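What follows is a short report on a single structure.
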Amino acid sequence: MKDGLVPKTKYEIVVKSSKFRQIEKYSNKFIKSASPFMGKYKEKWVLDSLHQWSRQWEYPYIIEKASELKPESIAVDLGSGVSFLPYYLKGNKFFKEVIAFDYDNSLSAVYDKINASMPIKVKFVNGDLRHLQLKPNSIDFAYSVSVLEHTDNFNLILNNIYQILKPGGKLS
């Protein structure tokens, strides 16, 4: 997959796997719990992000990469929007802390409401990827699902990400 394209056979293996069914079950439960708090976000984006065609490959990929790190690690979802993924990663003890980072300041209230209703808490940070407000060398794992390719100042953003990563930190 040097060119970044996923053969249909590999894609089908992922979406038919028992691991995917586990992820899907969690996503469905999250949607049911979080939906009442999503407000206008539901009009901007889909509630069931897992069943967007690319997310069915991207989310399991991120989860697989997350499984390679130590559970005491800290992760940041860059351009998080609102989805089950940060909660899944924290709830399944991949990380001690997961930060959802997004440009949309209206998501702060959404995360506050979701966090108040769930036993798992995800920290939300509002900000611009071009000006990350996270401490240098503070993050073990940074990931972004279908966001970076839609940004300008790509090199600046990557430099900012590498500054927040701890030595040996991973970007996916």
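A few points about this structure:
- Within the set LYS170, LYS135, LYS113, the sole residue that is within 24 Å of LYS25 (Cα to Cα) and modelled with pLDDT of 95 or more turns out to be LYS113.
- Residues satisfying the stated conditions in the range 73-129, i.e. of a type in the set (Asp, Glu), surrounded by 15 or more Cβ atoms within 10 Å (Cβ to Cβ) and under 18 Å from SER146 (Cα atoms): ASP77, ASP102, ASP104
- Residue match in the range 44-52 (condition: among the basic types (Lys, Arg) and either modelled with pLDDT under 90 or touching a Phe, Trp or Tyr at 6+ places or on another chain (Cβ under 8 Å) (or both)): yes
- Residue count, the range 155-172 (criterion: under 11 Å from ALA75 (Cα atoms) and touching a Gly at 6+ places or on another chain (Cβ under 9 Å)): 0
- Strands (runs of 3 or more DSSP E) wholly inside the range 72-172 that include at least 2 residues being within 13 Å of the chain's Cα centre (by Cα): 74-78, 97-102, 123-126, 139-143
- All positions within the range 43-60 that are outside any loop (DSSP other than H, G, I, E, B), over 16 Å from SER80 (Cβ atoms) and either open to solvent by 40 Å² or more (accessible area, probe 1.4 Å) or touching a Leu at 6+ places or on another chain (Cβ under 8 Å) (or both): GLU43, HIS51, GLN56, TRP57
- When SER27 is tested against (1) part of a helix (DSSP H, G or I); (2) open to solvent by 10 Å² or more (accessible area, probe 1.4 Å); (3) touching a residue at least 12 places away in the same chain (Cβ under 8 Å); (4) of a type outside the set (A, V, I, L, M), only condition (2) is not met.
The values are calculated or read from the model by the stated rules, or taken from the named source; none is laboratory data. Since the model is a prediction, treat every value here as computed from it, not as a measurement. Virtual Cβ from ideal backbone geometry, glycine too; neighbours counted across all protein chains shown. All accessible areas refer to the heavy atoms of the entire protein, side chains included, with ligands and DNA or RNA removed. Shrake-Rupley method; radii C 1.70, N 1.55, O 1.52, S 1.80 Å.
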